[in-house]
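K.L.:
Please see the structure below; I have some questions.
The values are calculated or read from the model by the stated rules, or taken from the named source; none is laboratory data. Computed from a predicted model, the values in this text were never measured in an experiment. Cβ placement follows ideal geometry from the backbone for every residue including glycine, while neighbour counts extend to all protein chains displayed. Surface accessibility is based on the protein's heavy atoms, side chains included, excluding ligands, DNA and RNA. Shrake-Rupley method; radii C 1.70, N 1.55, O 1.52, S 1.80 Å.
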Amino acid sequence: MTKIILKKGREESLRRFHPWVFSGAIAQIVGEPAEGDIVGVFAHDGSFLAYGHYQIGSIAVRVLSFSGEDVLGPDFWTVMLSKALKMRQAAGLTSDSSTNCFRLVHGEGDGLPGLIIDWYDGVCVMQAHSVGMFRAKTAICEALKSVFGDSLKAVYDKSSGTAPFKAGLDLVDGYIYKADGFSDDEQVVLENGNKFLVNWTEGQKTGFFLDQRDNRNLVGRYSKGRNVLNLFCYTGGFSIYALNNGAVHVDSVDSSKKAVEMVTRNMALNGFDAGLHEDICADAMDFLRDVPEDKYDLMIVDPPAFAKHRGALGNALRAYQRLNAAAISKVAPGGLVFTFSCSQVVDKEVFALAVFSAAAQTGRSVRILDRLNQPADHAVNIYHPEGEYLKGLLLYVE
Ligand code: SAH
């Protein structure tokens, strides 16, 4: 096996269980690893540090194990997936009859850097973000079969948009397992008793944004009697919760036509008639510009990541500020704004600062009622704080 030997002193972060080896920390590569191979990582003095997936790029090794040879054994994937499932069991996500979808594997949060697996009532949708995980997909699929047995309906690999494009990798999405009789590309899932159609082949990411489950519940708690505007609604997650909890009317806005069509289907699925909702395909900023003041007394603002890397931080913060100022200025007196950022490089302090500037720009009196996060199944490895990405604020605007 290839040995990666680090420069003197560069082993410190690995000794603190941070799971990445940056290319600049490497003194010597003994062997000729192919991308995605498992390599051993050693300190300058020769002591063992970790095993992980090798890849050419700024992150050269993504660590799979800090403790010996287990990563090379036949049970590695089964053991890791069982641990991931156990954590979701501990979080109450597998025994709750009102929820049958959750994130099963959240990359570094589950000790599996580069791997995402979402569970949709028996259908696993997998996204590999590294060559190593992409190459391991058959082994991962076999492990899913052994962990879930008959309750596994299908495994769909959706890595074409996430795995790095490398020569020799056949990045075509498709099923790697289908149980007998399974044929659909979409199915209905339950989230806290709310019904949603999830289509993993046509939808964004793995098909549904499972990371907003707890925040959707909170929106539900505040929805009774309110007139709701859900901006960046995707398939209507927040909208369905709002109506199921007594909102008087919900307008849902997204720039994706496909997403808006799914909102309409989800409304019908939950039994809401057309008079209760409008599903609008539009740019959120343009829409807000024409919103009459006082019309909505609950707004949700959940845009896509404005900053995908540090270099984009300045522009992203200005965009968050503009968007939030527009929302805060238009919400009715005594209204609520649920505002989010899913940009990993925008941390919660910096986001709060952008929202603070937005509020100041409007001159309105604004209180913070709650601070919002990602849910338990999007677990953050304490040694890898970079795993924290979703943050939000619940604002009360006088
Ligand atoms: N709140 C959603 C997830 C939002 S993801 C949920 O609970 O499921 C971000 C969404 O913003 C995507 O659906 C994307 O299509 C949409 N989007 C991106 N740019 C947009 C824009 N300028 N105006 C409106 N929607 C936009």
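K.L.:
When you go through (1) open to solvent by less than 50 Å² (accessible area, probe 1.4 Å); (2) within 20 Å of Ala179 (Cα to Cα) one by one for Ser146, which number turns out not to apply?
P.N.:
Every condition holds for Ser146 apart from (1).
K.L.:
Can I ask one more? Would you mention how many residues in the range 54-77 are under 18 Å from Arg135 (Cα atoms) and in a helix (DSSP H, G or I)?
P.N.:
4
K.L.:
Could you please find all residues in the range 331-351 being touching a residue at least 60 places away in the same chain (Cβ under 8 Å), part of a strand (DSSP E or B) and within 16 Å of the ligand (Cβ to nearest atom)?
P.N.:
Leu336, Val337, Phe338, Phe340
K.L.:
Mind counting the residues in the range 225-243 that are more than 7 Å from the ligand (Cβ to nearest atom) and over 18 Å from Lys295 (Cβ atoms)?
P.N.:
Qualifying residue count, the range 225-243: 3.
K.L.:
Right, next: Inside the range 115-132, can you point out the residues that are among the acidic types (Asp, Glu) and open to solvent by 10 Å² or more (accessible area, probe 1.4 Å)?
P.N.:
Asp121
K.L.:
Here's a follow-up. Inside the range 367-398, can you point out the residues that are of a type in the set (Val, Ile, Thr) and open to solvent by 50 Å² or more (accessible area, probe 1.4 Å)?
P.N.:
Selection gives Ile368, Val380, Ile382.
K.L.:
I'd like the full set of residues that are among the basic types (Lys, Arg) and within 13 Å of the ligand (Cβ to nearest atom), limited to the range 167-216.
P.N.:
Of everything in the range 167-216, those that are among the basic types (Lys, Arg) and within 13 Å of the ligand (Cβ to nearest atom) turn out to be Lys205, Arg213, Arg216.
K.L.:
Of all residues in the range 269-288, count the ones that are near the ligand (Cβ under 8 Å from one of its atoms), surrounded by 15 or more Cβ atoms within 10 Å (Cβ to Cβ) and among the acidic types (Asp, Glu).
P.N.:
Count: 0.
K.L.:
Next up: What residue, of Ala91, Ala60, is open to solvent by less than 70 Å² (accessible area, probe 1.4 Å) and either touching a strand residue (DSSP E or B) at 6+ places or on another chain (Cβ under 7 Å) or without any contact (Cβ under 8 Å) to a residue 24 or more places away in the chain (or both)?
P.N.:
Among Ala91, Ala60, only Ala60 is open to solvent by less than 70 Å² (accessible area, probe 1.4 Å) and either touching a strand residue (DSSP E or B) at 6+ places or on another chain (Cβ under 7 Å) or without any contact (Cβ under 8 Å) to a residue 24 or more places away in the chain (or both).
K.L.:
Something else now. List the strands (runs of 3 or more DSSP E) inside the range 170-227, counting only whole elements, that have at least 2 residues being crowded, with 20+ Cβ neighbours inside 10 Å.
P.N.:
Of the strands (runs of 3 or more DSSP E) lying wholly inside the range 170-227, those with at least 2 residues that are crowded, with 20+ Cβ neighbours inside 10 Å span 186-191, 194-199.
K.L.:
Might you check whether a residue that is of a type in the set (Val, Ile, Thr), open to solvent by less than 10 Å² (accessible area, probe 1.4 Å) and closer than 24 Å to Asp173 by Cβ occurs anywhere in the range 235-249?
P.N.:
yes
K.L.:
Only residues that are under 22 Å from the mean Cα position of the chain (by Cα) and of a type outside the set (A, V, I, L, M, F, W, C): list them for the range 136-146, please.
P.N.:
Once the filter is applied, which keeps residues that are under 22 Å from the mean Cα position of the chain (by Cα) and of a type outside the set (A, V, I, L, M, F, W, C), the range 136-146 yields only Lys137.
K.L.:
Could I ask something else about it? Can you run down the residue pairs with Cβ atoms below 8 Å, 6 or more apart or on separate chains, where the first is in the range 371-398 and farther than 19 Å from Asn215 by Cα and the partner is small (Gly, Ala, Ser)?
P.N.:
Asn381/Gly109; Asn381/Gly111; Asn381/Gly387; His384/Gly109; Glu398/Gly334; Glu398/Ser365
K.L.:
While we're on this one: Considering each residue of the range 1-26, count those that are open to solvent by 60 Å² or more (accessible area, probe 1.4 Å), at pLDDT 95 or above and of a type in the set (A, V, I, L, M, F, W, C), and give that number.
P.N.:
Within the range 1-26, residues that are open to solvent by 60 Å² or more (accessible area, probe 1.4 Å), at pLDDT 95 or above and of a type in the set (A, V, I, L, M, F, W, C) number 2.
K.L.:
Would you tally the residues in the range 296-312 being surrounded by 15 or more Cβ atoms within 10 Å (Cβ to Cβ), in a loop (DSSP other than H, G, I, E, B) and more than 10 Å from the ligand (Cβ to nearest atom)?
P.N.:
Summing the residues that are surrounded by 15 or more Cβ atoms within 10 Å (Cβ to Cβ), in a loop (DSSP other than H, G, I, E, B) and more than 10 Å from the ligand (Cβ to nearest atom) in the range 296-312 gives 3.
K.L.:
Follow-up. When the range 6-38 is examined, which residues are found to be under 16 Å from Ser65 (Cα atoms), in contact with a strand residue (DSSP E or B) (Cβ under 9 Å, 6 or more places away or on another chain) and either basic (Lys, Arg) or not in a loop (DSSP other than H, G, I, E, B) (or both)?
P.N.:
Ser13, Leu14, Arg15, Trp20, Val21, Ile38
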